[in-house]
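Visitor: Let me give you the structure first, and then I'll get to my questions.
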Amino acid sequence: MAKDPVRVLVTGAAGQIGYALVPMIARGVMLGPDQPVILHMLDIEPAADALNGVRMELVDAAFPLLRDVVATTDVTVACKGVNVAVMVGGFPRKEGMERKDVMSKNVSIYKAQASALEKQAAPDCKVLVVANPANTNALILKEFAPSIPEKNITCLTRLDHNRALGQLSERLKIHVSEVKNVIIWGNHSSTQYPDVNHATVTPANGEEKPVRSVVADDNWLNTEFITTVQQRGAAIIKARKLSSALSAASAACDHIRDWVLGTPKGTWVSMGVYSDGSYGVQPGVIYSYPVTCDKGQWSIVQGLKIDDFSRQKMDATAKELVEEKTLAYSCLN
C-alpha cells in the first residue's frame, strides 16, 4: 500500500546547501526509497526568482517520489502542515561583524520561524537546525515554539561526525563504512570535541578493534585529528571559496534518516540535542551527544567512560554554549 507523502520544509532553499539538499530529499535519500514527499521551500524575498528557478528544476527532474513543491517567501505558508523542518536559512557572519551582531540577526530570524512552526507545523514535526550558530539557533527556536516537544528540536553535528569518520578512513586507508562510533561532543564550532575513545574499526571479514589501537598514534589522535575536524569547514572555504554545501546537505539527510528510520544495531551517531544533564553537561543548552535512534526517537548513549583529557574538552565546549546562550538571550531584550 502506497505511503502518504511527508511534508518536508527546507528554509534558505535557494542557497548553496538548499540547492544541494532538495534533490537528495526528492530522490529518497532522507526518508527512504519508498516514501513520497511534498517539498516546502522557503527563502527571503530578494531570492524569490532563484527559488522559483529551483522549483522549475525540481519539476524538470521528474523525481518519482516528489508529489508537489511549495516555493514561497511567506513563512506561514512554508510551515503549514510540515512533518520535517530543515532550517538551513540564517544570517551568515560577514567580515568585520561581531558575534553579537550575527547572534542578534539570527535570534530575530529564528524567533519568527519558531512562531510560524508553532502555529502551522504538524504536531509531531521534527526540526533540524543547520544554520550557524546551529546549537544556539536551535535553542532559540525551542524557546519560541513551546508546543513542539523539546526532543523534536535538534541541530546538525552529523557533518562533524562524518568528517571524523572520513579522516580516520583516510588515515587507515580503509572504507569509511568500516569505522563507527566516533563522537562529536558539544558545539558545532571550533571548540567541538571529536572523540575516538569508543570508536571501532571492523575490516571486511575482520575482527572489531578500537580505533586507538589500530591507528597506534595517540599524538595524532589527540592533536592533528581533532584540529582537522574542528577546522574542516574553514579549510573547505579556503579551497572552494564557498562553504561546504554538498557535505552539509548529505549530513542533514543522514541525520533525519537515522532519526526517522533508526540507527543500525550497535552503532551510534552524533546529534545536537537538548541537554538533560547527561555526562555532567549543564541542562538547558543544545549539546552534541552520541545517540541511538529507534521508532522516531533518539536516546543519549549512557555509561561511556570519560577520561580527563575528554572531560576538559567537553567542559570547554559546554562553557562556550553557555556563553552563546547568554549572548542570545541578551539579544531578546
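Visitor: Got a sec to turn the phi values of the range 121-133 into Karplus ³J(HN,Hα) couplings, 6.51 cos²θ - 1.76 cosθ + 1.60 with θ = phi - 60°, whole Hz, x for Gly and Pro?
Guide: Karplus-based 3J(HN,Hα) across the range 121-133 equals 6, 4, x, 9, 4, 9, 10, 10, 9, 10, 5, 7, x Hz.
Visitor: Once you've got the GNM for the chain with C-alpha springs shorter than 10 Å, pick whichever of VAL269, VAL77, VAL107 has the biggest mean-square fluctuation.
Guide: Among VAL269, VAL77, VAL107, the largest mean-square fluctuation in the Gaussian network model of the chain belongs to VAL77.
Visitor: Might you tell me the accessible area per residue for the chain, computed with a 1.4 Å probe and given in Å²?
Guide: On a per-residue basis, 45 Å².
Visitor: Here's another thing I want to ask about it. Starting from the Cα gyration tensor of the range 221-329, take the square roots of the eigenvalues, sort them a ≥ b ≥ c, and report rounded, prolate or oblate (rounded when a/c is under 1.5, otherwise prolate if a/b is larger than b/c, else oblate).
Guide: rounded
Visitor: Tell me, Kirkwood radius of the chain from alpha-carbon pair distances, in Å?
Guide: 20.3
Visitor: Whole-Hz Karplus ³J(HN,Hα) for the range 295-307, in order, using 6.51 cos²θ - 1.76 cosθ + 1.60 and θ = phi - 60°, x for Gly and Pro?
Guide: 6, x, 10, 9, 9, 5, 5, 9, x, 6, 6, 10, 7
Visitor: Sum -39500 (n - 2.57) across every DSSP H segment of at least 4 residues in the chain, then divide by the residue count to get the 222 nm mean residue ellipticity, nearest 500.
Guide: -13500 deg cm²/dmol
Visitor: Going Cα to Cα from LYS100, which lysines come in below 27 Å? Please leave out same-chain ones fewer than 8 positions away.
Guide: LYS100 reaches LYS111, LYS142, LYS238, LYS241, LYS313, LYS319, LYS325.
Visitor: Here is a further query. Which of the peptides 168-176, 37-45 is most tightly packed, and how do the rest follow, judged by the mean count of other Cβ atoms within 10 Å per residue?
Guide: 37-45, 168-176
Visitor: Straight-line reach only, C-alpha to C-alpha below 19 angstrom: list the lysines that LYS265 could link to, leaving out same-chain residues fewer than 8 apart.
Guide: Correct list for LYS265: LYS180, LYS209, LYS295.
Visitor: Same structure again: Express in nm, to one decimal, how much length is gained between SER299 and THR202 on full extension, taking 0.36 nm for each residue of separation and deducting their alpha carbon distance.
Guide: Stretched out fully, the SER299 to THR202 stretch lengthens by 32.5 nm.
Visitor: Indicate the gyration tensor shape class of the range 171-265 (rounded, prolate or oblate), computed on the Cα atoms with a ≥ b ≥ c the square roots of the eigenvalues: a/c under 1.5 is rounded; otherwise a/b larger than b/c is prolate and the rest oblate.
Guide: oblate
Visitor: Non-local amide H neighbours of GLN192 (under 5 Å, H modeled in plane, Pro and chain starts lacking H): which ones?
Guide: Correct list: ASN187.
Visitor: How do the peptides 161-167, 200-206, 314-320 rank, highest first, by the average count of neighbouring beta carbon atoms within 10 Å per residue?
Guide: 161-167, 314-320, 200-206
Visitor: Which whole-Hz ³J(HN,Hα) couplings does the range 243-248 yield from phi under the Karplus relation 6.51 cos²θ - 1.76 cosθ + 1.60, θ = phi - 60°, glycine and proline marked x?
Guide: Running phi through 6.51 cos²θ - 1.76 cosθ + 1.60 with θ = phi - 60° gives 6, 6, 8, 4, 5, 5 Hz.
Visitor: Let me ask another. Output the peptides 94-101, 12-19 sorted from most to least packed, where packing is the average of other Cβ atoms within 10 Å over each peptide's residues.
Guide: Packing order, densest peptide first, comes out as 12-19, 94-101.
The values are calculated or read from the model by the stated rules, or taken from the named source; none is laboratory data. As the structure is a computational prediction, the values presented were derived from the model and not from experiment. Positions of Cβ are generated from backbone atoms using ideal geometry, with glycine treated the same way; all protein chains shown enter the neighbour counts. Accessible surface is based on the protein model in full, side chains and every heavy atom, while ligands, DNA and RNA are left aside. Shrake-Rupley method; radii C 1.70, N 1.55, O 1.52, S 1.80 Å.
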